[in-house]
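The block underneath contains the structure these notes are about, expressed in structure tokens.
Values quoted throughout were computed directly from the atomic coordinates according to the rules given, and no laboratory measurement underlies them. It should be emphasised that the depicted structure is a prediction, and the values quoted were computed from it without experimental measurement. When we count neighbours, we look across all protein chains shown, and the Cβ atoms used for this are built from the backbone with ideal geometry, even at glycine.
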Amino acid sequence: MTDPEAALGALVQQALADEFGAEYAAADPLIRPSGFADFQSNVAMSSAKRLGRSPREIGEPVAARLNAAPAVAEAEISGPGFINITLADEWIAARSTEQLADPRLGVAIAKARQRVVVDYSGPNVAKELHAGHLRATSVGDAIARVLEYLGHDVIRAAHLGDWGTQFGMMIEHALEIGEQATYDQLASGEITAFYQAARAKFDSDPAFADRARKRVVQLQAGEPDTIRLWQILVDDSMEYLRKIYARLNITLTSADMAPESFYNSMLGDVCDELERRGLAVMSEGALCAFPPGFTGRDGKPVPLMLRKSDGGYGYDSTDAAAIRYRLTELGVTRIIYVVGSEQSQHLQMIFELARQAGWLVPPATAEHAVIGLMTGPGGQRLRTRSGEQVKLADLMDEAVDRAAAVIADRYPDPVQRGQIAEAVGIGALKYGDLSVARDSSYVLDFDRLLALTGNTGPYLQYAAARIRSIFARAGLNPDDATGPIVAGTSAERALALRLLGLGRAVNDAAAAAEPHKLAGFLFDAASAFTTFYEQCPVLTAEGEIRQSRLALSALSLRVLDTGLRLLGIPVPERM
RNA sequence: GCCCCCGUGGCCUAACGGAUAAGGCAGCGGCCUUCUAAGCCGUUGAUUGCAGGUUCGAGUCCUGCCGGGGGCACCA
């Protein structure tokens, strides 16, 4: 066991059980990192009432038992009853050496493996990804990677908007300009201009708008000519998405698309089932479900609109079908919707409906991993309508350009320079969104997203590059450094102890679907490494110290490399 | 009107009910004849929006208020 918190927790529980009886062994050991020692346990205070003793009466004998354990250098009571625990240097060094020898770096496969759907990114056919897609895409991808690393069966699902009202509009427009012209325009990458032209007609020409609405019905009915034109749009977007995801280092492929059209054939049956169960009723001409607990403006219940009064289906229908399909057909036990906060009520209603329908039953869970709203510089909402959307591709170009400027005079070879700038720029961009709690709302700020110093992606990449440089200079392979690791100086001890926290960080990130917990750990680990790097010469050290420092460097590299890959941050060999 | 989320140094953020609220940016002062200065070390700067409450202990939980954002019938 290389997780110090788990190891100490077990020791504390054992001490409590031995001292007061086995029924107290189940108490939460409340071990956590402390500014006063390595770790702190609060069991003396938290169980004082239950045991009917003062915190010190509990803490003293527990501390005495901890002090007898080889892992513990010192356990002492302080303040109102905190048990401050300092680990033995030898224990840390031994666990660290074990971690280095473990291909999984001490991160255990989950005991209960789950099949999980991670629904993220939210791309649309015929629309380019914009800056607002960045966080939901980066965060969702990191969640998927982390869960997969822990051994879960992850089903990535990008809810692809390929079926809405706007397709009637675009297909009508395609019919007017002709199939070949449509094809040519898309081939030259002008999908946005195509969409805007269709939109303009839709907004200004009532007759066109009317044809567009009818075209939607034909699309959903599978009329062949309509489908053929629709397919042209879809294919074009799939190629666009493939390229931009590849450049963003996002693992989504065309096979991971969960298009709205995919659920089309299920919608009627979903409506039937919900009607049969008495959960769907006709209201104002539409088939609606009214999950309890949601009231609207005038005190009336808020509907999920399963079938519109014109017979068409919308977003509510698709989401109901999707959750049924995932729970009853795919057999998943956890669904994570990585979606903007503005959809919070909608998703809660879908979840409630799924519970009522008997699709969502424990132990299966559905959760909304809220993505905060990105606003414009004035705090105003970025809206799809306005042409002020910042394209994600442009943001990526800007990030790479800024990174290139930093290394302009460092790498004469333009190919190498381009590769490094790409990794650094994209890494900075993604880390900017992965390092903060995903539900915080924020103002679109280029300088924030593209920062290259401080707590940033490049800082972590840089630490990894410097480690590689040590080994390159010595002509050694990091994989050949096996230690043993000794916790010589305080910097070495602090680094080794920090690196042992990888497993906990990964598990915390997976449990809460919050990648920033992993990002925070990696920043702390990189900081601990750079302090070590400044204070502890590696190559000029001799004998066992040199072996230990090489091993600690190799371990740091592997932890950073693993963690960055789990976040989807590219790791350049050099910087 | 009802429901949900958020108010932490000048700015951006972290903190699983635990002590003296932790980082980054910006500012100030140091450090490159020694493994990459995208770095390191030091330092200035906060009664965690306001008022109560629960608790041995509250940034964290509860109530009220103030401020900001989001949602509330055929868009997604």
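Between the listed residues A:ASN42, A:ALA428, A:THR86, the Cα displaced farthest toward the positive end of the dipole of chain A, a dipole computed from Cβ unit charges relative to the Cα centre, is found at A:ASN42.
Taking 0.36 nm per residue of separation and subtracting the current Cα-Cα distance, fully stretching the chain between A:SER188 and A:ASP445 would add 89.5 nm. Per residue, the convex hull spanned by the alpha carbons of the stretch A:46-178 comes to 241 Å³.
Across the options A:SER54, A:GLN14, A:ALA27, the greatest Cα extent toward the positive end of the charge dipole of the stretch A:1-62 (unit charges at beta carbon of Lys, Arg, Asp, Glu) belongs to A:SER54. One decimal place: the segment A:ASP235-A:THR482 gains 83.9 nm when fully extended, by the rule 0.36 nm per residue minus the C-alpha distance.
The stretch A:290-355 and the stretch A:37-72 have Cα centres spaced 49 Å apart.
Taking label points 7 Å from Cα along the Cα-to-Cβ direction, A:ARG56 and A:ALA181 give a separation of 9.0 nm. Shown here: the stretch A:37-76, whose C-alpha atoms stretch 30, 17, 11 Å along the first, second and third principal axes, sorted largest to smallest. Report the residues of the stretch A:339-364 in range of a label on A:ARG277: point 7 Å along Cα→C-beta, backbone N strictly under 20 Å from it. It comes to A:345-364, nothing else. Listing A:ASP225, A:ASP89, A:ASP319 from fewest to most neighbouring C-beta atoms within 10 Å gives A:ASP225, A:ASP89, A:ASP319. Sorting A:TYR263, A:TYR183 from the fewest to the most surrounding beta carbons within 10 angstrom yields A:TYR183, A:TYR263.
By how many nm would the segment from A:GLU544 to A:GLU398 grow when fully extended, if each residue of separation counts as 0.36 nm and the alpha-carbon distance is taken off? Using 0.36 nm per residue and subtracting the Cα-Cα distance, I get 47.9 nm. Taking amide H positions as modeled 1.01 Å from N, with prolines and chain starts lacking one, the residues under 5 Å from A:LEU373 and 5 or more places away or on another chain are A:SER341, A:SER441, A:TYR442. Structural size metrics of the stretch A:306-347, computed from C-alpha coordinates, are Rg and Dmax of 12.1, 35 Å.
In the stretch A:222-377, the C-alpha radius of gyration followed by the widest Cα-Cα span (Dmax) gives 17.4, 50 angstrom. Taking label points 7 Å from Cα along the Cα-to-Cβ direction, A:ARG104 and A:VAL302 give a separation of 4.1 nm. Per-peptide packing, taken as the mean over residues of other Cβ atoms within 10 Å, places A:497-507, A:463-473 in the sequence A:497-507, A:463-473 from highest down. How high is the FRET efficiency between A:ALA88 and A:ARG115 when r is their beta carbon distance and R₀ equals 45 Å, given to the nearest 0.05? It comes to 0.60. Once the Kirkwood radius over Cα pairs is known for the stretch A:385-497, the Stokes-Einstein relation at 25 °C and 0.890 mPa s delivers a diffusion coefficient of 147 µm²/s. Normalised by 2.2 N^0.38 Å, where N is the number of residues, the alpha-carbon radius of gyration of the stretch A:197-299 equals 1.47. Note on A:ALA17/A:GLU367: beta-carbon distance plugged into 1/(1 + (r/R0)^6) with R0 of 35 Å gives a FRET efficiency of 0.50.
Think of it as helices only: each DSSP H run of n ≥ 4 in chain A is worth -39500 (n - 2.57), and spread over all residues that comes to -17000 deg cm²/dmol at 222 nm. Across the stretch A:523-575, the fraction of Cα-Cα pairs farther apart than 13 Å, rounded to a whole number, is 63%.
Normalised size of the stretch A:319-367, defined as Cα radius of gyration per 2.2 N^0.38 Å with N residues, equals 1.04. Projected onto its three principal axes, the C-alpha set of the stretch A:429-573 covers 52, 29, 24 Å, listed from the longest axis down. Seen from a random direction on average, the alpha-carbon convex hull of the stretch A:1-67 projects onto 4.4 square nanometres.
Highest mean packing first, where packing is the average number of other Cβ atoms within 10 Å per residue, the peptides A:126-133, A:247-254, A:143-150 line up as A:143-150, A:126-133, A:247-254.
Looking at the stretch A:159-243, what % of the alpha carbon pairs are farther apart than 15 Å? That fraction is 54 percent.
For A:GLN535 and A:ALA405, what is the calculated FRET efficiency with R₀ set at 30 Å and r taken between the beta-carbons, to the nearest 0.05?
My answer for the efficiency is 0.45.
Direction-averaged projected area, Cα convex hull, chain A: 32.0 nm², rounded to one decimal.
Note: the stretch A:461-501, Cα convex hull, 98 Å³ per residue. Calculated from the alpha-carbon coordinates, the stretch A:136-207 shows an Rg and a Dmax of 18.4, 55 Å respectively.
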